[in-house]
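In what follows, a structure is listed as structure tokens, so that the remarks can point back to it.
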Amino acid sequence: MDFCRVQMYWNLGKRIFEEEQQGKERADYGTYLIKNLASTLESEYGSGFGVRQLEQSRQFYRIYPIANALRSQLNWTQYRLLIQISDPSKREYYELESVNNGWTARETERQIDSMLYERLLMSNDKEKVLSVARKERIPENPTDIIKDPMILEFLGLERKAEYYEKDLESALIDHLQQFLLELGNGFSFIARQKRLLIEDDEYFADLVFYNRLLRCFVVIELKTKKLTHEDLGQLQMYVNYFDRNEKLPDENPTIGILLCTAKNDEMVKMTLPKDNKTILASKYELYLPSEETLKAEVEKLANAQEKYAELTDGEQK
């Protein structure tokens, strides 16, 4: 039924553009035409054929001109969200991920609003992000799927100066389904406050997951303050424990993620080995950041990467 609606609006858009407008842009005439069509169709079929719906139908056909390319897994609400995205690569990413992960319209909207695509680009490049979505390659590194920052607005926590780590942990467990969606593809929940016994000393890892794409354990430590080098050392110990006591021989090394409210990227780099691929620090936001804020972060990262590439080229020469 949902896909029938998609096909109906696609055919409606095709007729408006090809038969009524004869394939010509003619914006003024098109607007006049749609108003007349909406008046006729609404009087006969109801409110689903107003001016806005007809304009969206025409736009839908223009963006997706091949009927066979329409995806039966997506409904009209999801396609309405997709046609509002002007960047073709970004639109393709959300289309593919909605299908691959069986997202509902609400989940698709949430991922677009939280700028999932832009956040992945902050730690990766466009072709890698798209190739994973197209299933052309399996993620090899944590940065292929793990986001920085992570957006945890679904926790619904009140705005206040600070939280206890146990409060944040409890909220994440209470909203585990949404947290798995935010974490990304392939995550399964394993344990909360996992007890690690090292000789006579007990330690407890906040959250433990398994990622079937990366084929490894993922240990997450929660910090409601700025990250310190002691926090990194603690997480490194947890990662070593899992590698030596839990990991099977054919599985990949354990990944550790420190979720924190703020971090000093240079301190993280200085604390960890140069070839580090298993310890990640990711900032989290309890509220949706503005589009301008995230775009500024993406641009900042791109500039930093350009400068690093220039320095590297200069050293090699």
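The values are calculated or read from the model by the stated rules, or taken from the named source; none is laboratory data. Small disclaimer: the values here were computed from a predicted structure and weren't measured. In this analysis, Cβ positions are derived from the backbone assuming ideal geometry, glycine residues included, and neighbour counts consider all displayed protein chains. All accessible areas refer to the heavy atoms of the entire protein, side chains included, with ligands and DNA or RNA removed. Shrake-Rupley method; radii C 1.70, N 1.55, O 1.52, S 1.80 Å.
Across the stretch 67-84, what is the number of residues that are assigned to a loop (DSSP other than H, G, I, E, B) and under 13 Å from residue 11 (Cβ atoms)? Total satisfying the criteria: 1.
Selection of first residues in the stretch 268-286 that are closer than 16 Å to residue 238 by Cα and of second residues that are basic (Lys, Arg) and surrounded by 19 or more Cβ atoms within 10 Å (Cβ to Cβ), restricted to Cβ pairs under 6 Å at least 6 apart or on distinct chains, gives the following pairs, ordered by first then second residue: 281/263.
Any residue that is at pLDDT 90 or above, assigned to a helix (DSSP H, G or I), open to solvent by 80 Å² or more (accessible area, probe 1.4 Å) and not polar (S, T, N, Q) - is there at least one of those in the stretch 55-66? Among the residues of the stretch 55-66, at least one is at pLDDT 90 or above, assigned to a helix (DSSP H, G or I), open to solvent by 80 Å² or more (accessible area, probe 1.4 Å) and not polar (S, T, N, Q), which makes the answer yes.
Just so you know, in the stretch 121-167 the residues that are charged (D, E, K, R), surrounded by 16 or more Cβ atoms within 10 Å (Cβ to Cβ) and within 27 Å of residue 225 (Cβ to Cβ) include one that is modelled with the highest pLDDT, and it is 153. In a residue-by-residue description of the stretch 1-15, the property of being buried (at least 16 other Cβ atoms within 10 Å of the Cβ), modelled with pLDDT under 85 and over 20 Å from residue 85 (Cα atoms) applies to no position.
Here residue 86 fulfils each of the conditions (1) open to solvent by 50 Å² or more (accessible area, probe 1.4 Å); (2) closer than 24 Å to residue 118 by Cα; (3) small (Gly, Ala, Ser); (4) in contact (Cβ under 8 Å) with a residue 24 or more places away in the chain apart from (4). Do you know which residues across the stretch 168-179 are within 30 Å of residue 137 (Cβ to Cβ), open to solvent by less than 70 Å² (accessible area, probe 1.4 Å) and out of contact with any helix residue (DSSP H, G or I) (no Cβ under 7 Å at 6 or more places or on another chain)? Answer for the stretch 168-179, where residues must be within 30 Å of residue 137 (Cβ to Cβ), open to solvent by less than 70 Å² (accessible area, probe 1.4 Å) and out of contact with any helix residue (DSSP H, G or I) (no Cβ under 7 Å at 6 or more places or on another chain): just 176.
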